[in-house]
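The values are calculated or read from the model by the stated rules, or taken from the named source; none is laboratory data. Owing to the predicted nature of the structure, the values given are computational and were not obtained by experimental measurement. Backbone-built Cβ (ideal geometry, glycine too); neighbour counts: all protein chains shown. Keep in mind that these areas ignore ligands, DNA and RNA; they rest on the heavy atoms of the full protein, side chains included. Shrake-Rupley method; radii C 1.70, N 1.55, O 1.52, S 1.80 Å.
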Amino acid sequence: MSVPDYMQCAEDHQTVLVLVQPVGIVPEDQFFKIYKRIAGVSQVSIRDSQRLLYIRYRHHYLPENNEWGDFQTHRKVVGLITITTCSTAKDWPLTSERFHGQKEVYSSTLYDSRLLVFGLQGEIAEQQRTDVAFYHSFEDCPDVERRVEDFVESIFIVLESKRLDRATDKSGDKIPLLCVPFEKKDFVGLDTDSRHYKKRCQGRMRKHVGDLCLQAGMLQDALVHYHMAVELLRGINDFLWLGAALEGLCSASVIFHYPEGTAGKTAGRKPNISQPADAGKRHRPGALTANGISADTSTEIGRAKNCLSSEDIIEKYKEAISYYGKYKNAGVIELEACVKAVRVLAIQKRAREASEFLQNAVYINLGQLSEEEKIQRYSILSELYELIGFRRKSAFFKRVAAMQCVAPTIPEPGWRACYKLLLETLPGYSLSLDPKDFSKGTHRGWAAVQVRLLHELVYASRRMGNPGLSVRHLSFLLQTMLDFLSDQGQLGALVLHLFNPALKTDQYTWVQGAVCEVQLMVYNPMPYELRVENMVSVTCTMMRNDILFCRLVTQFSYSDVEMQNSPKVQSKVTRRVLHSKVFGEFLSWNLDEALSHLPLKPGQALTLTVTITVKLDFSGQENLLQDLNDGECKLMSVGSEYSHVKTLEAVLNFKYSGGAGKVEGYYRELSLGVHVDVEPSVFFTRVSTLPATSTRQCHLLLDIFNPTEHELTVNAKNNQDLVLHASECQRMAIQVDKFDFESLPQPKEETVPYTNPKQLEEHRQHAQGCQINSKLGICWNIISFCSEASVEGVLNQLVLEHLQLAPLQWDVLVNGKPCDCDIIADCGVGDAVSLEVQLTNLSKNAVGPLALTVVPYQDFQNGVLNYDLEEVVTFIGSNSFYIDTVKPRETSVCAGALLFLYTGDFYLNIKFQDDSARRELPLAWFTLPSVHIRALDTPPQAI
């Protein structure tokens, strides 16, 4: 096993595992609605036996975990319930085939299985079958629970049969050797007639029978078998299975001592609705009897010698875990045993001992874990530390989980999840975001850790695209933690606060042509004088969006030089680049003006102006500056060691002739060397992207550094000017429309020879960079010089992918009007609202079939989403659409309607499911616009 189940507890050893899975196309919300009803049947009173069978349901389970079913039977998938949709009789053979294929995956352990079919009517649906149930729809299925109870009883019959078969004395029969997967190769060729081998078989089988008795509700018999297994396995040093027998003994004893369970209040066991009213009086889950049918067993339980005491349970857990630790392949078993012991100790209020188990769990090596598995592991450790009252340790692991959400190895960092987890750590660090909770002289908690945590909140909120929230956290930091910041930290926080672009977020309106006065009040918390200089006024121009958003930007390379007074008759240039690739023309001149003065008379002079335009790649300077994304914006000076100079050389060749020599065909040659040292005026140190509110747009983020000794101004299309002081680095955010790179003309090998695919790829990237540059229009201005800036050299493949228009374009129309960006569609309560989903295929291949499901919900703006809107929103017709194959350059339209019965703000989550055989299409192709609908008492007035 490689993936642990952190939610396991001791009482799970008493359950049987049933897997519930969808087959074919099943709407996710409908599946979980049925799954919730099935999972409600968590315990069933078996008729004629007065025993309870407990069921544990899972909708996802790794087949490799199933291979450990002989080691601990509660890990074995013994029941399978599949849910599917089938609308026509011709689809039934494929549906049935899928059902049988799913059974084959777990065929080695299954006791019984069921198929629930929704949507099929007719002759097939009228057949009476025990393994298949037909329903008209997901709403019309009243007897799901009853069928599940019948299914569970059939599982009990098989379980009881296996228990009786393996518990019966088989004198003379050879007992099979039970193994875990990694042991099988070790027992090849062993002497099966040796006394040691037979004891191994007997001990493991005793432990296995104890598991079956525990699942079948016979707690006393389970305890007896576990004790016998411990004695047999201890005598032959079979440590792995000895640990399992000890853990089984602990689980059975925990079930007796804590019949309400150890997983917490939410997981407490409650009688099923199908259980008779007097079932609790006739039999309790902890009853210890020979056959599980005693009328009153409470006194017998008290006299049970095989049941461990509360203290012995923990000691046996420690012993079992020490045995598991001897096997590197049993790391998951060891970790889960630690978690179970912690839950028991939490009920016993023995926090210190519980922390020892958790500390052991931290150091258990599970091999290579995915990022999601690491996040889950640290989050569960945090919850367990919270359970035993170690609030600061809980906060530490939750903070580790938050940082794992944005690890460098994750392609798409989850900054929103990181921010949410960081917020949850605040109580553990005795930190409140209410300034009223802070007063002089009564600080609680570690200030250094709290300051660091607030910095992380500032950074995470900024990276998740909420600069206003970032400013609020930064203001709170200055207001409450100023005394704990160093002078450098105070200055950095103050500068970042004063010049944070989120201070451009409040919106005001005034009459056109009128003068607007803006007052900026600055408070200096420093113990020394702080100089504020170069305060400039800004002219706001009308932009397409109402909100002006300008971030400090990037850097590029350029230098414009003019060389005059050079002689000329005919000329050509030979260029030699020493250090870098040159973009565009290097030297240029106009011969027409010079030729108009020829021939030259004696004593006359001719002036030829040669313009040197240098456009070089100065990217890749990440090591030169501190990144802006380290949580603080610091104004840095490069210093004297900065000497990033690139050299260009060229040779101007002149030919001239005149007089008698010209008649005879003679001429003179003159070569003039040109040596140019190029220093960048500005350059880009980092380029990244952020998603915009529209699926057809994104924000291009450019970090710009000014290496000169002068003030520099940078501007781009539809953006305010960005002023960079000497040796200053800032960021600019430019909202751009995504590019359709597929429409660019492709190079032909016969016209442009390429020696290898790398050159062809470079040509494509160059063409894409040129198209991006033409849309950005970035320019810089320093003193009296100005020029254009290019991002060609700093665009990497990941940025190009984010700037590319997805080949599948989705448009959602509400009442005929498109919904994209922050558009809110208004409608009247009780009026039918038309909904159209258009798919335009811009790719070169056909796509489909696809299934779309529209799920309405409400956002309470506090992290809670309400999907329970059955009595608030109704669909006219179906809320699911089916898109068949869509050919290249074609459009498919799905139309439906819905009705809002109450006023309010609603959102539509449009989910898709790809049912094609090819599933390699990237998820980014299926990004649909968010739909925001506002239902009003009266219909909106037409404008």
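The table below lists the values:
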item	result
Scan of segment 235-262 for residues that are open to solvent by 10 Å² or more (accessible area, probe 1.4 Å) and of a type in the set (Asp, Glu), ordered by number	Glu260
Per-region count, segment 758-800, residues over 28 Å from Pro922 (Cα atoms), open to solvent by less than 60 Å² (accessible area, probe 1.4 Å) and of a type outside the set (A, V, I, L, M, F, W, C)	3
Residue that is over 22 Å from Ala806 (Cα atoms), not small (Gly, Ala, Ser) and not assigned by the TED database to the domain that holds Asp740, where the choices are Phe926, Phe881, Phe875, Phe912	Phe875
Any chance Arg129 is assigned to a loop (DSSP other than H, G, I, E, B), among the charged types (D, E, K, R), more than 37 Å from the chain's Cα centre (by Cα) and within 30 Å of Ser878 (Cβ to Cβ)	yes
Top-ranked residue of segment 179-207 - restricted to ones that are assigned to a helix (DSSP H, G or I) and in contact with a helix residue (DSSP H, G or I) (Cβ under 7 Å, 6 or more places away or on another chain), ranked as farthest from Leu249 (Cα to Cα)	Phe182
Flag if Tyr54 is free of Cβ contacts under 8 Å to residues at least 60 places away in the same chain and of a type outside the set (S, T, N, Q)	no
Odd one out for Leu852 among (1) in a strand (DSSP E or B); (2) closer than 16 Å to Asp905 by Cα; (3) of a type outside the set (Val, Ile, Thr)	(2)
Matching residues in segment 801-810 - criterion: being crowded, with 17+ Cβ neighbours inside 10 Å and under 20 Å from Asn845 (Cβ atoms)	Leu805, Ala806, Pro807, Leu808, Gln809, Trp810
Residue within segment 702-710 that is of a type in the set (Ser, Thr, Tyr), open to solvent by 20 Å² or more (accessible area, probe 1.4 Å) and at pLDDT below 85 present	yes
Restricting segment 811-828 to residues that are among the β-branched types (Val, Ile, Thr) and surrounded by 15 or more Cβ atoms within 10 Å (Cβ to Cβ), the residue that is farthest from Thr891 (Cα to Cα)	Ile823
Residue pairs meeting the criteria (Cβ under 9 Å; at least 6 apart or on separate chains; first without any contact (Cβ under 8 Å) to a residue 24 or more places away in the chain and closer than 17 Å to Val614 by Cα, in segment 763-791; second aromatic (Phe, Trp, Tyr) and open to solvent by less than 40 Å² (accessible area, probe 1.4 Å))	Cys786/Trp780
Top-ranked residue in segment 648-675 [being assigned to a strand (DSSP E or B) and among the basic types (Lys, Arg); ranked as surrounded by the most Cβ atoms within 10 Å (Cβ to Cβ)]	Lys655
Residue in segment 847-859 that is least open to solvent (accessible area, probe 1.4 Å), counting only those that are over 15 Å from Ile25 (Cα atoms) and modelled with pLDDT under 90	Val847
Test: residue in segment 383-394 that is aliphatic (A, V, I, L, M) and either farther than 24 Å from Val344 by Cα or open to solvent by 30 Å² or more (accessible area, probe 1.4 Å) (or both)	yes
Single residue of Thr689, Thr685 found to be part of a strand (DSSP E or B), among the polar types (S, T, N, Q) and touching a helix residue (DSSP H, G or I) at 6+ places or on another chain (Cβ under 6 Å)	Thr689
Output for segment 408-433, where each listed residue is open to solvent by 30 Å² or more (accessible area, probe 1.4 Å) and touching a Lys or Arg at 6+ places or on another chain (Cβ under 6 Å)	Trp415, Glu424, Ser430
Residue ID - most open to solvent (accessible area, probe 1.4 Å), chosen from residues in segment 92-107 that are without any contact (Cβ under 8 Å) to a residue 12 or more places away in the chain and more than 12 Å from Val23 (Cβ to Cβ)	Glu104
Scan of segment 21-55 for residues that are more than 18 Å from Lys911 (Cα to Cα) and touching a Lys or Arg at 6+ places or on another chain (Cβ under 7 Å), ordered by number	Gln43, Gln50
